[in-house]
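Notes for the one structure printed next.
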Amino acid sequence: MIVDRLGRRFRNLRVSLTAACNYACTYCVPDGKRLLRAENELPATKLLKGVTMLQQAAGIDKVRITGGEPLVTPKFDEFLLGVMELPLSDVSLTTNGQLLPKKKDVIAESGLSRINVSLDTLNPLRFKQIARGGDLETVLSGIDSMLELGLKVKINMVPLRSQNLTEVPMMLDYCLDRGIELRFIELMRMGHLLHSNNFTSEFVSMELLLDTIGEHYEFARTDAPYDSTAVRFQIPDRGVFGIIANESEPFCRACTRLRLSSDGFLYGCLSSANKNYIGDLLDLPSHLVLPKLQGILVQALGDKKLAFQGEVTVMKLIGG
Ligand code: SAM
């Protein structure tokens, strides 16, 4: 097992199936252009081999499928069915939900038990303004279909001061009524936001968020597992919500995440541009892959920062 001086090791792997996305969210894509096709991406078989090798080399036991938008790529079905066959303790999926109605059957067949859907607003017009792709009704019917299948659903919302902060109570009601855990993701200084005034003007801190929620609900902070990214709160008799308080309460010192991008790079830290290409390694027989991979993992673990400093790399390229 590779462990650093803070006791951090890699346990959670995020696999970005593609950098392509059917949205162009304002905080992720500055020019508003959707990336419909991405180049030089690894096929599902290679990404699956990557997962297996990283399981053996780093002790990965949790995998999150992400992107870009993982449901837009034809390799989604093969990857999902394949990864569900591996001896992992947890597999989850992060999606914008636009294609969930179409992917319902393969998700049911795979046995996936939980899913995170990113949704920043319940207002159709504002949805178009923020996501700049897709439509709200389809996402909501996709969420319903996942609940019907019995999946545990979480919704990820990025609160933005001028765009959806007033919707926080409504989003919370929507989720609490359906047994969904709402997770607020503090805006992160990624991509174009790293050096932009928009970050400062749109950022909503955990303090402001809790003040806003406190006007409508009573809540108490609950314990969260060691390497959980979210700070969680219980609303008595209603349910739970969480905040991924990257800026207000950074969790870097307990981070166990490793990222594999769709074009074959390993990233040890969201706040570092350092990356290592493993696409060619994955063509070798497994016994030759392992020692090389271990050397790369030592470097990747060394890239982990003590606090999030922002990064010019865009989330959709390395899997949010
Ligand atoms: N397309 C999928 C989705 O929408 O869930 C997966 C990829 S997306 C990059 C993953 C998550 O990252 C989404 O919830 C999105 O809102 C979030 N995200 C992207 N850029 C962000 C930023 N600068 N700050 C905070 N969250 C961000």
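The values are calculated or read from the model by the stated rules, or taken from the named source; none is laboratory data. Keep in mind that what you see is a predicted model, and the values were worked out from it rather than measured. All Cβ positions, glycine included, derive from the backbone under ideal geometry; neighbour counts span all protein chains shown.
Worth pointing out:
- Here SER228 meets the list (1) modelled with pLDDT of 95 or more; (2) in a loop (DSSP other than H, G, I, E, B); (3) more than 13 Å from the ligand (Cβ to nearest atom) almost entirely, failing just condition (1).
- Only listed residue being over 21 Å from the mean Cα position of the chain (by Cα), surrounded by 15 or more Cβ atoms within 10 Å (Cβ to Cβ), modelled with pLDDT of 95 or more and within 19 Å of THR26 (Cα to Cα), chosen from GLU167, GLU186: GLU167
- Just one of the listed residues (SER89, SER141, SER162, SER145) is of a type in the set (Gly, Ala, Ser), at pLDDT 95 or above, at negative phi and surrounded by 15 or more Cβ atoms within 10 Å (Cβ to Cβ), namely SER145.
- Evaluation of LEU17 against the conditions (1) away from the ligand (no atom under 16 Å from the Cβ); (2) touching a residue at least 24 places away in the same chain (Cβ under 8 Å); (3) under 22 Å from SER89 (Cβ atoms) shows that the sole unmet condition is (1).
- In summary, LYS33 fulfils each of the numbered conditions (1) free of Cβ contacts under 8 Å to residues at least 40 places away in the same chain; (2) more than 16 Å from the ligand (Cβ to nearest atom) with the single exception of condition (2).
- When residues of segment 189-218 are limited to those that are surrounded by 15 or more Cβ atoms within 10 Å (Cβ to Cβ) and assigned to a loop (DSSP other than H, G, I, E, B), the one nearest to the chain's Cα centre (by Cα): ARG189
- ARG259 more than 16 Å from the ligand (Cβ to nearest atom), outside any loop (DSSP other than H, G, I, E, B) and buried (at least 16 other Cβ atoms within 10 Å of the Cβ): no
Let's see how each residue does on (1) closer than 21 Å to MET188 by Cβ; (2) within 12 Å of the ligand (Cβ to nearest atom); (3) touching a residue at least 24 places away in the same chain (Cβ under 8 Å):
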residue: THR94; (1), (2), (3): yes, yes, yes
residue: LEU99; (1), (2), (3): no, yes, yes
residue: LYS104; (1), (2), (3): no, no, yes
residue: ARG114; (1), (2), (3): no, no, yes
residue: LEU119; (1), (2), (3): yes, yes, yes
residue: ILE130; (1), (2), (3): yes, yes, yes
residue: GLY134; (1), (2), (3): no, yes, yes
residue: SER141; (1), (2), (3): no, no, yes
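- In the set VAL240, VAL139, only one residue is within 28 Å of ARG257 (Cα to Cα) and outside any helix (DSSP H, G or I); that residue is VAL240.
- Pairs where the first residue, in segment 264-278, is polar (S, T, N, Q) and the second is assigned to a loop (DSSP other than H, G, I, E, B), C-beta under 6 Å, 6+ apart: SER271/LYS305; SER271/PHE308; SER271/GLN309; SER272/ASP303; ASN274/ASP303
- Of the listed requirements (1) crowded, with 17+ Cβ neighbours inside 10 Å; (2) more than 16 Å from the ligand (Cβ to nearest atom); (3) under 19 Å from the mean Cα position of the chain (by Cα); (4) not small (Gly, Ala, Ser), LEU42 misses just one: (3).
- Residues of segment 302-314 satisfying the condition of being within 17 Å of ASN12 (Cα to Cα) and either modelled with pLDDT under 85 or surrounded by 19 or more Cβ atoms within 10 Å (Cβ to Cβ) (or both): LYS304
- Considering (1) touching a Cys at 6+ places or on another chain (Cβ under 6 Å); (2) among the hydrophobic types (A, V, I, L, M, F, W, C); (3) within 15 Å of LEU17 (Cβ to Cβ), the lone condition that ILE115 does not fulfil carries the number (1).
- ALA108 being among the aliphatic types (A, V, I, L, M), at pLDDT 95 or above and within 16 Å of the ligand (Cβ to nearest atom): no
- Verdict on ILE65 being buried (at least 20 other Cβ atoms within 10 Å of the Cβ), away from the ligand (no atom under 16 Å from the Cβ) and not hydroxyl-bearing (Ser, Thr, Tyr): no
- Tally, over segment 199-232, of residues that are among the aromatic types (Phe, Trp, Tyr) and either more than 17 Å from LEU172 (Cβ to Cβ) or touching a Gly at 6+ places or on another chain (Cβ under 7 Å) (or both): 3
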